[in-house]
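K.L.:
Let me give you the structure first, and then I'll get to my questions.
Just so it is clear, none of the values below were taken in a lab; they were calculated from the coordinates. Bear in mind that the values here come from a model prediction, so they are computed numbers and not experimental data. As a convention, Cβ positions derive from the backbone with ideal geometry for all residues, glycine included, and neighbour counts pool all protein chains shown.
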Amino acid sequence: MSTAATDRPRRSALYMPGSRPRALEKARTLPADCLIFDLEDAVTPAEKAAARQTVAEALATGGYGRREVVIRINGLDTEWGADDLTAAASSGSDAVLIPKVESAAMVRDAEARLEAAGAPGAMKIWAMMETPLGMLNAAGIAASSPRLACLVMGTNDLVKELGAAHTRARLPVITALGLSMLAARAHGLAILDGVYNAFRDQGGLRAACGQGREMGFDGKTLIHPDQLAIANEVFAPSADEVALAERQLKAFAEIEATGQAVAVVDGHIVENLHVETARALLARASAIAESELETAG
């Protein structure tokens, strides 16, 4: 697992409409790892400028604690995108999410604009992966900029662009998910799964989160606060997984002390690669526990 995937929890990333002050206020109390303040799809054209100001005021007020706050701007090819990016540069947000990224040049353009607007060095870029061309160029996008920290799957737009269908197993988009996953991991980036639209279907959400975790995603983008608890649970190491990782490390340390390189735990071999996975899992569990403790306090 990449360093970017484990440096902070990103189990849940909740889209919040930037035009609704009450939603941005409520976000201060939600158990989300990431908050995505949306200036794009969730905001009508007539509200774009006002939403930009609303988000800026909310961030200036602060109170979001350890949550990673990201602003999704409008595309830089729209009449609002440039102003969105300029405002985001001085907003205090952790990152800017660029929609419909299709090339490395698009990321580098956003990077140059951020730097021209005086964005701090710590501000990151996140890239929405939601078009066929974006999938074909995923490797180049992932390698495009040191500011790029995370790929975000936009499966609704992707399904539309493909002329495909939303299915429970997501076979129509599985190739695209895999290409983006490979690109992210090859270049040390975090990667978040797409949204689950039926927000009242808790069983379906749990299955979708389980599939995403099995594929290697760090977390899931969400459209409703009621989805947070399941995403946080599924994308966190379980008590059984933590206990197994601890047993693996203990057994390997004991066998290594005898000059051997392979241990056995619960009938399965444990080699160096399993030790690395176990350490990453325990680090992730520790980061989540620390984050939740801060939120509770």
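K.L.:
From the helices alone, meaning DSSP H stretches of at least four residues, give me the mean residue ellipticity at 222 nm for the chain, per-run term -39500 (n - 2.57), in deg cm²/dmol to the nearest 500.
P.N.:
-14500 deg cm²/dmol
K.L.:
What's the extension gain from Ala122 to Ala164 if we count 0.36 nm per residue and subtract their Cα-Cα distance?
P.N.:
Length difference between fully extended and current span is 11.3 nm.
K.L.:
Can you tell me what share of the DSSP beta bridges in the chain is antiparallel? A percent to the nearest 5 is fine. Working shown, then result.
P.N.:
Numbers: 3 of 33 bridges.
The antiparallel fraction comes to roughly 10 percent.
K.L.:
Let me ask you something else. Spin-label point model (7 Å from Cα, Cβ direction): what's the Gln202 to Arg108 distance in nm?
P.N.:
The modelled label-to-label distance comes out at 4.9 nm.
K.L.:
Place a point 7 Å from Cα of Glu25 in the direction of its Cβ. Which residues in the stretch 196-229 have their backbone N less than 19 Å from it?
P.N.:
Under cut-off, by backbone N: 225.
K.L.:
Could you tell me whether the stretch 47-192 comes out rounded, prolate or oblate from its Cα gyration tensor? Rule is a ≥ b ≥ c as square roots of the eigenvalues, rounded for a/c under 1.5, then prolate if a/b exceeds b/c, otherwise oblate. Don't jump to the answer; show the numbers that get you there.
P.N.:
Details: a/c = 1.81, a/b = 1.58, b/c = 1.14.
Prolate, since a/c reaches 1.5 and a/b exceeds b/c.
K.L.:
Mean Kyte-Doolittle of at least -0.5 and a Cα length of 24 Å or more along the axis: which whole DSSP H helices of the chain meet both?
P.N.:
Once both thresholds are applied, what remains is 239-256, 272-296.
K.L.:
What's log10 of I(q)/I(0) for the chain at q = 0.08, 0.16 Å⁻¹, Debye sum over Cα points only, no solvent?
P.N.:
For the requested q values the scattering log ratios are -0.36, -1.32.
K.L.:
Can I ask one more? Once the Cα gyration tensor of the stretch 239-296 is diagonalised, what are the square roots of 5 times its eigenvalues, in whole Å and ordered largest first, as equivalent ellipsoid semi-axes? Mind dumping the intermediate values first?
P.N.:
Working: eigenvalues 143, 21, 14 Å².
For the stretch 239-296, the ellipsoid semi-axes come out as 27, 10, 8 Å.
K.L.:
So between Asp7 and Ser90, what do we pick up on full extension, going 0.36 nm a residue minus the alpha carbon distance? It would help to have the intermediate numbers written out before the result.
P.N.:
On the way: separation 83, 0.36 × 83 = 29.88 nm, distance 2.39 nm.
Difference between extended and current length: 27.5 nm.
K.L.:
For the chain, how many pairs of lysine residues have a Cα-Cα distance under 22 Å, where the two are 8 or more positions apart or belong to different chains?
P.N.:
8
K.L.:
Still on this model: Assign one of three labels to the stretch 41-116, namely rounded, prolate or oblate, based on the Cα gyration tensor with a ≥ b ≥ c the square roots of its eigenvalues; rounded applies when a/c is under 1.5, prolate when it is not and a/b is larger than b/c, and oblate otherwise.
P.N.:
Taking the square roots of the gyration eigenvalues as a ≥ b ≥ c, the stretch 41-116 is oblate.
K.L.:
Read phi for every residue in the stretch 138-145 and hand back ³J(HN,Hα) as whole Hz from Karplus 6.51 cos²θ - 1.76 cosθ + 1.60, θ = phi - 60°, with x for Gly and Pro.
P.N.:
So the J values, rounded to whole Hz, are 4, 5, x, 4, 5, 9, 6, 7.
K.L.:
Return the distance in nm (one decimal) between the two label points of a simple spin-label model at His268 and Ala283, each offset 7 Å from Cα along Cα→Cβ.
P.N.:
2.0 nm
K.L.:
I've got another one for you. Treating only the Cβ atoms of Lys and Arg (+1) and Asp and Glu (-1) as charged, compute the dipole magnitude of the chain about its Cα centre; round to the nearest 20 debye. Intermediate values should be presented prior to the final figure.
P.N.:
On the way: 29 positive and 38 negative charges, 62 e Å.
Charge dipole, the chain, about its Cα centre: 300 debye, nearest 20.
K.L.:
Could you go through the stretch 95-103 in sequence order and give the Karplus-derived ³J(HN,Hα) for each residue, using 6.51 cos²θ - 1.76 cosθ + 1.60 with θ = phi - 60°, rounded to whole Hz, and x for Gly and Pro?
P.N.:
Once rounded to whole Hz, the list reads 7, 10, 9, 9, x, 6, 6, 10, 7.
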